[in-house]
């Protein structure tokens, strides 16, 4: 099958300096990507999911030529990311750093025209292309105002518009709905679908599982620099097999969590903080049979349970089942089943 | 495979250069107070040594200055020095500081995503810097001449202009080197401040290079703006070209014109690649 983006054993190692006080530091090796191979087909919306620090942005930076990989190869639209970097850049429309990628002293239209010049669009076409994008994103009222006067969400929309300026066959969008309110995020996803309908291939990173579920044809889950699962959303959920998920919220000590993890039939437990309470995500084979023992164990360990319910399997549960952690930023590992 | 809509050409690359210069001009036009300060700065900078000369040298100041520099017109000497310094310091702040400015505004990665050799962008910034500094330096020289009662149009004006124009290109090369240094060190303010004083000394803003100790004199001769400012002074005030004739000094400046931009661009590209190999352009 034809591929639009192909990664073959791609690895990236950083050597950041770790501070050990005011004057002391040591160089540490961090492997941000480990032997990643995947293929994205033309016309596909491909989701890249993972918690913060999983390696999503490093992968995107390699694909967009901002970073040189340490090993392996990758091609975008048939062009090699190291040997044909300018052709790769011409083939990609990328939204990477959100609102920070704009010149705040320029107006929306001036920003788009400037970036149009960088993509070698002839002067006569720059304004026309910029206006098309302004109209597509319904930013007409803001087009002639300096970006510094925009709200955060409006800046994100314009940054998304900037990614469309060269009408590239591949769109790479890194968390594009960050800071957007719910209706604006929905509108942006609708535009992504519309562009995909016109034949554009989309690589979309997010940590919002529901977004990936509604938008993406296929999904890769990435954790600690490795692709740990890759398939359609339905297949990924089906990969849970007979395993089901129960969520428990309340005041729950770590001893209580460990006791739950030790229960027969429990394969994994992930703990996270939600709105000032603790949430346990319990993956087990037969949730209904487990429920009485689960409540009994928690009560025996003086947990105050506010909410307990079996859940429909989501992509987040798939992540929990694979890693023993949730996607939330403040997660920590307590079980590896 | 879908054909790419836009292919680079020499014309589109020049379009990048002009768009880059235009973008900076639009941005600075939204800080109007800054433009007024551009005119005042070189005059204030020259006024200090001029007034110091009058205060300490008294009536003999001009004669003493003539003995050391070859001209009694120390007011015009200082004004030319400070105007040339404006051109040099703007090149450092605008062109050398370009990378840092883009890093701070968060747009550096955005422009590195585009299929454009960054030297076209920097050349656009340099064009903007040259336009702004030439207007500012010329206006300041004329206003300063009116304030301190000196004739700004004495000597060989055309040769002076030729030295300024020829000095701009090697200055661009030195700015690339400086930009590469900032890209590597990720710190600009202290570096620019230090460089400003170093440059003031090296190019002889307030005194002739001839009064330097031998080693410092060699360093000064390796710095292209030294030749530019001495060329302008020699053409306008007759202080004397380093090699006796204007065209010999101009030949040295033209040699710098060939070497400095190539060296600067090469070093900049190497540093850029090195950074992409490690943490990336956005990290600062």
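The values are calculated or read from the model by the stated rules, or taken from the named source; none is laboratory data. Note that this is a predicted model, so its numbers are computed, not measured. For neighbour counting, all protein chains shown are included, and Cβ atoms are generated from backbone atoms with ideal geometry for every residue, glycine included.
Within the stretch B:108-123, can one find any residue that is under 17 Å from the mean Cα position of the chain (by Cα) and either under 27 Å from residue B:186 (Cα atoms) or at pLDDT below 90 (or both)? Step through it out loud before you land on a result.
In the first step, residues of the stretch B:108-123 are kept if they are under 17 Å from the mean Cα position of the chain (by Cα); the result is B:122-123.
Then drop every residue that is not either under 27 Å from residue B:186 (Cα atoms) or at pLDDT below 90 (or both), which leaves B:122-123.
Within the stretch B:108-123, one or more residues are under 17 Å from the mean Cα position of the chain (by Cα) and either under 27 Å from residue B:186 (Cα atoms) or at pLDDT below 90 (or both).
Within the stretch A:229-253, how many residues are assigned to a loop (DSSP other than H, G, I, E, B) and either modelled with pLDDT under 85 or surrounded by 15 or more Cβ atoms within 10 Å (Cβ to Cβ) (or both)?
Quick first cut of the stretch A:229-253, residues assigned to a loop (DSSP other than H, G, I, E, B) only: A:232, A:239-243, A:252-253.
Still in the list and also either modelled with pLDDT under 85 or surrounded by 15 or more Cβ atoms within 10 Å (Cβ to Cβ) (or both): A:239-243, A:252.
Number of matching residues: 6.
Inside the stretch A:67-89, can you point out the residues that are touching a strand residue (DSSP E or B) at 6+ places or on another chain (Cβ under 6 Å) and more than 10 Å from every other protein chain (Cβ to nearest Cβ)? Let's see the steps before the verdict.
Start the filter on the stretch A:67-89 by keeping residues that are touching a strand residue (DSSP E or B) at 6+ places or on another chain (Cβ under 6 Å), which leaves A:69-77, A:81, A:87-88.
Hits for the stretch A:67-89 are A:71, A:72, A:73, A:74, A:75, A:76, A:81.
Condition test on residue A:152, is it buried (at least 22 other Cβ atoms within 10 Å of the Cβ) and either more than 12 Å from chain B (Cβ to nearest Cβ) or over 16 Å from residue B:23 (Cα atoms) (or both)? Walk me through it before giving the result.
Working: buried (at least 22 other Cβ atoms within 10 Å of the Cβ): no; either more than 12 Å from chain B (Cβ to nearest Cβ) or over 16 Å from residue B:23 (Cα atoms) (or both): yes.
No: the conditions fail for residue A:152.
Among what's in the stretch A:100-125 and is more than 8 Å from chain B (Cβ to nearest Cβ) and either part of a helix (DSSP H, G or I) or free of Cβ contacts under 8 Å to residues at least 40 places away in the same chain (or both), pick the residue that is farthest from residue A:65 (Cα to Cα). So that I can check it myself, show each step before the final result.
Looking only at the stretch A:100-125, we keep the residues that are more than 8 Å from chain B (Cβ to nearest Cβ), and these are A:107-109, A:111-112, A:116, A:124-125.
Imposing the further condition that a residue be either part of a helix (DSSP H, G or I) or free of Cβ contacts under 8 Å to residues at least 40 places away in the same chain (or both) reduces the set to A:108-109, A:111-112, A:116, A:124-125.
Working: A:108: 26, A:109: 26, A:111: 22, A:112: 21, A:116: 19, A:124: 29, A:125: 26 Å.
Looking at the filtered set, the residue picked out is A:124.
To keep it simple, each residue is scored yes or no on (1) away from chain A (no Cβ under 11 Å); (2) under 22 Å from the mean Cα position of the chain (by Cα).
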{"residue": "B:15", "(1), (2)": "no, no"}
{"residue": "B:20", "(1), (2)": "no, yes"}
{"residue": "B:37", "(1), (2)": "yes, yes"}
{"residue": "B:44", "(1), (2)": "yes, yes"}
{"residue": "B:59", "(1), (2)": "yes, no"}
{"residue": "B:72", "(1), (2)": "yes, no"}
{"residue": "B:97", "(1), (2)": "yes, yes"}
{"residue": "B:102", "(1), (2)": "no, yes"}
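Matching residues to (1) over 19 Å from the mean Cα position of the chain (by Cα); (2) closer than 22 Å to residue B:120 by Cβ:
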site	(1), (2)
B:169	no, yes
B:182	no, yes
B:194	no, no
B:208	no, no
B:214	yes, no
B:265	no, yes
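Every residue in the stretch A:45-75 that is farther than 19 Å from residue A:208 by Cα, under 16 Å from the mean Cα position of the chain (by Cα) and surrounded by fewer than 22 Cβ atoms within 10 Å (Cβ to Cβ), please.
none
Residue B:93: surrounded by fewer than 21 Cβ atoms within 10 Å (Cβ to Cβ) and either touching a helix residue (DSSP H, G or I) at 6+ places or on another chain (Cβ under 7 Å) or at positive phi (or both), yes or no?
Values: surrounded by fewer than 21 Cβ atoms within 10 Å (Cβ to Cβ): yes; either touching a helix residue (DSSP H, G or I) at 6+ places or on another chain (Cβ under 7 Å) or at positive phi (or both): yes.
Taking the combined requirement at face value, the residue satisfies it.
Which of (1) more than 14 Å from chain A (Cβ to nearest Cβ); (2) touching a residue at least 12 places away in the same chain (Cβ under 8 Å); (3) not in a helix (DSSP H, G or I) is the odd one out, the single condition residue B:116 does not satisfy?
Failed condition: (1).
Is it true that residue B:213 is touching a helix residue (DSSP H, G or I) at 6+ places or on another chain (Cβ under 6 Å), away from chain A (no Cβ under 14 Å) and at pLDDT 85 or above? Steps first, answer last, please.
Details: touching a helix residue (DSSP H, G or I) at 6+ places or on another chain (Cβ under 6 Å): no; away from chain A (no Cβ under 14 Å): yes; at pLDDT 85 or above: yes.
Considered against the rule, which asks whether it is touching a helix residue (DSSP H, G or I) at 6+ places or on another chain (Cβ under 6 Å), away from chain A (no Cβ under 14 Å) and at pLDDT 85 or above, residue B:213 comes out as no.
Only one of B:188, B:269 is modelled with pLDDT under 90, within 22 Å of the chain's Cα centre (by Cα) and within 14 Å of chain A (Cβ to nearest Cβ); which?
Working: B:188 fails: within 14 Å of chain A (Cβ to nearest Cβ).
Result: B:269 is the single residue among B:188, B:269 that is modelled with pLDDT under 90, within 22 Å of the chain's Cα centre (by Cα) and within 14 Å of chain A (Cβ to nearest Cβ).
If you take the residues in the stretch B:128-143 that are more than 26 Å from residue B:246 (Cα to Cα) and more than 14 Å from chain A (Cβ to nearest Cβ), which one is surrounded by the fewest Cβ atoms within 10 Å (Cβ to Cβ)? Break it down into steps so the answer makes sense when it comes.
Within the stretch B:128-143, the subset more than 26 Å from residue B:246 (Cα to Cα) is B:128-129, B:132, B:143.
Keeping just the survivors that are more than 14 Å from chain A (Cβ to nearest Cβ) gives B:129, B:132, B:143.
Details: B:129: 27, B:132: 21, B:143: 16.
Result: B:143.
Can you tell me which of (1) facing another protein chain (nearest Cβ under 8 Å); (2) surrounded by 22 or more Cβ atoms within 10 Å (Cβ to Cβ); (3) touching a helix residue (DSSP H, G or I) at 6+ places or on another chain (Cβ under 8 Å); (4) under 30 Å from residue A:37 (Cβ atoms) is the one residue A:97 doesn't meet?
That leaves (2) as the condition not met.
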